[in-house]
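The values are calculated or read from the model by the stated rules, or taken from the named source; none is laboratory data. As the structure is a prediction and not an experimental result, all values here were calculated from the model. Neighbour counts are summed over all protein chains in view; Cβ atoms, including those assigned to glycine, are modelled from backbone coordinates with ideal geometry. Remember, those area values only see protein heavy atoms, side chains included, never the ligands or the DNA or RNA. Shrake-Rupley method; radii C 1.70, N 1.55, O 1.52, S 1.80 Å.
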Amino acid sequence: MSTTRYPPDSDLRSLVRFCADKGLIWLDENRMLLMHTAALSALRKELIESVGIDQARRILTRMGYASGARDAELAKKVRSGRSEQDTFFTGPQLHMLEGSVIVTPVKIEMDLASGDFNGEFLWDNSYEAEVHVREYGQTTDPVCWMQIGYASGYTSAFMGRFILFKEVECAATGRSQCRIVGKPVEEWPDAHELTPYYEADSILNRMLELRGQVDALRASIESSRQPQNLIGSSQGFRRAYSLIDKAAATQVTVLLLGETGVGKERFARALHDMSRRSANPFVAVNCAALPGELIESELFGVEKGAFTGAHASRMGKFERAEGGTLFLDEVGELPLSAQAKLLRVLQEGEIERLGDERVRKINVRLVAATNVDLQAAVKSGRFRSDLFYRLNVYPVTIPPLRERVTDIAPMVEAMLHRFSALHDKHVAGITDKAMRALKSYAWPGNIRELENIIERGIILTPQNDWIEVEHLFAEPHDHDDVQHIVDATGSLTDAEVVLGKLCSRVIEAGVGLDALEEALIQHAVRESGGNLSGAARLLRITRPQLNYRLKKQSGGQ
Ligand SMILES: [Zn+2]
């Protein structure tokens, strides 16, 4: 069997030509468009909402099909005389060059003469999965409709018969990548379910049917609406949410587990809001924030004269939460004596204020939370095992933000809203590159850290401007992955090749490093009409880095 390695794509890259002065981009003789994925995302949303999800899928599949068929013509022209497989690989390689997706061949068996075809590919970085999840959250079905249309269109035109590709796994469903399989349409047992997406159709004929579908879609969106302060659709989030949802109807004591900053208090509040106790108080106490000698009087209250300084009787948090919910954050930090009292409250459903003989019945649901390993604390004697078993009846683990990457975009959206109002600042949004940086960061401080960074971004971004990477991360974070640049003739060229030529010229001319840097910076400032942020962008450095270099230059004179 032959290998599944791509031939070099320099022949394809040389077909791309940017002619900005004529308003044209060419792929060989095909006019192309450099288009915002945001625009395609808006079109997709508009389609789904106006004609329903099936029609939207059909239209986008056919659009991808048309584009794939065009590229198949190009393949035969550009790689004529090459092996069948190398010629075929033009399609996946162009799909990558055009910015849709990374295509990795898993298996490919083909024979042009007999028309046999059997192929399997992996997709990474699918733009379609990305925009779909951004708009609708994680889904249950594959959504790379235009891309699957492209694969079918390309291969069908290439093979001269209908080769149907099916997306058997999709990144939009929470997988790490998409997987596609293609074979002749006759060989798919469920072909009748897929071929309608490739057929022309009259929208008018379907109006009534669609009306019903749109209504159903709307109803499903309404029913999945979550409490305001909880946002997410990732698997980990949904698992935690459904546990909370089930607990809400009962009186069970809930233990929330998870790293610091994952939003345990939000979950506790949501549990309260969804329960029958929602009309009564929700009281939150952070056990780590109070000194050990105060915690007992805070929780259980104090009777006048109980100790020096207890001048008046005071209710504790348990009494304040009567009929409602008491949230004990960082419960692992409770001193042992307070642990003993808490255990009695849970067992008897009654409290005694400090210095009081009277026993008071209370009706409070306890939600405890911790970011430490309570079992380990039990082993080392810092936490009572009987209390641990009382609290651990219904544990719910809230996943860290790095395991909820698909939730970042909708969370950021909500935070932008909130902080813009708070700081009386309007921003246009967040750039694709900045969003990518947010998604690839590890978030040790979880949602709290994300909030801090977004708030900082809103403060640093000029009014009505876009939030860029440099507004979010003080340290340069995301490295530029630009590998091909447009050279003077309008061809895409390896940046390294350009740099190599440039360096030899500079050295031959005897310019020197300092003079080169100064000239380059002055050139960029002129090019951007004196706008320093613009100059920094041209030089691919941050504004503070540019300031530093400018200062260094003027100081050296
Ligand atoms: Zn996909």
Q.
Report the Cα centroid-to-centroid distance between segment 48-112 and segment 499-533 in angstrom, as an integer.
A. 41
Q) Which angle between 0 and 90 degrees, to the nearest 10, do you get for helix 53-78 versus the longest principal axis of the chain when only C-alpha atoms count? A) 40
Q: Mind checking which of G530, Y197, A66 is farthest towards the positive end of the chain's charge dipole, using Cβ charges of +1 (Lys, Arg) and -1 (Asp, Glu) about the Cα centre?
A: G530
Q) Which lysines have a Cα lying under 19 Å from the Cα of K183, excluding residues fewer than 8 positions away in the same chain? A) K107, K166
(Q) Taking the solvent-accessible surface of protein heavy atoms with a 1.4 Å probe, what is the per residue accessible area of the chain in Å²? (A) 53
Q: With label points built 7 Å along Cα→Cβ from the Cα atoms of S554 and E508, find their separation and express it in nm.
A: 3.7
Q. Roughly speaking, to the nearest percent, how much of the chain's 1.4 Å accessible area is carbon and sulfur?
A. 52
Q. Restricting to the chain, what percent of DSSP beta bridges are antiparallel, rounded to 5?
A. 65
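Send over the per residue convex hull volume for segment 294-415, Cα only, as a whole number of Å³.
Dividing the Cα hull volume of segment 294-415 by its residues yields 149 Å³.
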Q: Please give, to one decimal in nm, the separation of the simple spin-label points placed at S420 and E109, each 7 Å out from Cα toward the Cβ.
A: 5.5
Q.
If the only charges are +1 at each Lys and Arg Cβ and -1 at each Asp and Glu Cβ, what is the size of the charge dipole of segment 291-399 around the Cα centre, to the nearest 20 debye?
A. 160
Q.
On C-alpha positions alone, give me the angle between the axis of helix 264-274 and the longest principal axis of the chain, in degrees, nearest 10.
A. 80
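Size of the dipole of the chain about the Cα centre, Lys and Arg at +1 and Asp and Glu at -1 on the beta carbon, nothing else charged, in debye to 20?
Details: 67 positive and 76 negative charges, 263 e Å.
Around 1260 debye, computed over the chain.
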(Q) As a test question: what accessible area, to the nearest 10 Å², does R384 have when a 1.4 Å probe is rolled over all protein chains in place? (A) 80
Q: Starting from the exponent 0.38 and prefactor 2.2 Å, build the expected Rg for segment 1-66 from its residue count and divide its actual Cα Rg by it.
A: 1.58
Q) What is the dipole size for segment 27-144, taken about its Cα centre, with +1 at each Lys and Arg Cβ and -1 at each Asp and Glu Cβ, in debye to the nearest 20? A) 300
Q: State the extension gain, in nm to one decimal, for the chain segment bounded by K439 and L24, taking 0.36 nm per residue of separation less the distance between their alpha-carbons.
A: 146.1 nm
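Multiply the residue separation of D11 and R402 by 0.36 nm, subtract the distance between their alpha-carbon atoms, and state the gained length in nm to one decimal.
136.8 nm is the gain from fully extending D11 to R402.
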Q) Which of the aspartates and glutamates could a cross-linker bridge to K425, judged by Cα under 13 Å and excluding same-chain residues fewer than eight apart? A) E455, D465
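Could you please put R540, R44 in sequence from largest to smallest accessible area, using a 1.4 Å probe? If you can, show how the numbers build up before the last one.
Details: R540 145, R44 10 Å².
Descending accessible area places them as R540, R44.
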**Q.** Diffusion constant of the chain at 25 °C, which comes from Stokes-Einstein with the Kirkwood Cα-pair radius and 0.890 mPa s, µm²/s
**A.** 86
Q. Between the helical axis of 408-423 and the dominant principal axis of the chain, each derived from Cα atoms, what acute angle in degrees is found, rounded to the nearest 10?
A. 70
(Q) List the chymotrypsin sites (Phe, Trp or Tyr not before Pro) within segment 302-346 that DSSP assigns to loop and that have no more than 14 neighbouring Cβ atoms inside 10 Å. (A) F307
Q. How much accessible surface does K183 have with a 1.4 Å probe, in Å² rounded to 10?
A. 50
**Q.** Segment E135-A38, length gained on full extension (0.36 nm per residue, minus Cα span)
**A.** 33.9 nm
Q) How fast does segment 351-465 diffuse by Stokes-Einstein, in µm²/s, taking the Kirkwood radius from C-alpha pairs at 10 °C and 1.306 mPa s? A) 88
Q: Would you kindly work out the equivalent ellipsoid of segment 404-472 from its C-alpha gyration tensor and give its semi-axes, the square roots of five times the eigenvalues, largest first in whole Å?
A: 18, 13, 10
(Q) Straight-line reach only, C-alpha to C-alpha below 13 angstrom: list the aspartates and glutamates that K341 could link to, leaving out same-chain residues fewer than 8 apart. (A) E296, E298, E350, E352, D386
Q) Label-point separation (nm) for E187 and E199, each offset 7 Å from Cα along Cα-to-Cβ? A) 2.4
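Taking all pairs of different Cα atoms in segment 1-152, averaging 1/r and flipping that mean, what Kirkwood radius in angstroms comes out?
Its Kirkwood hydrodynamic radius stands at 16.8 Å.
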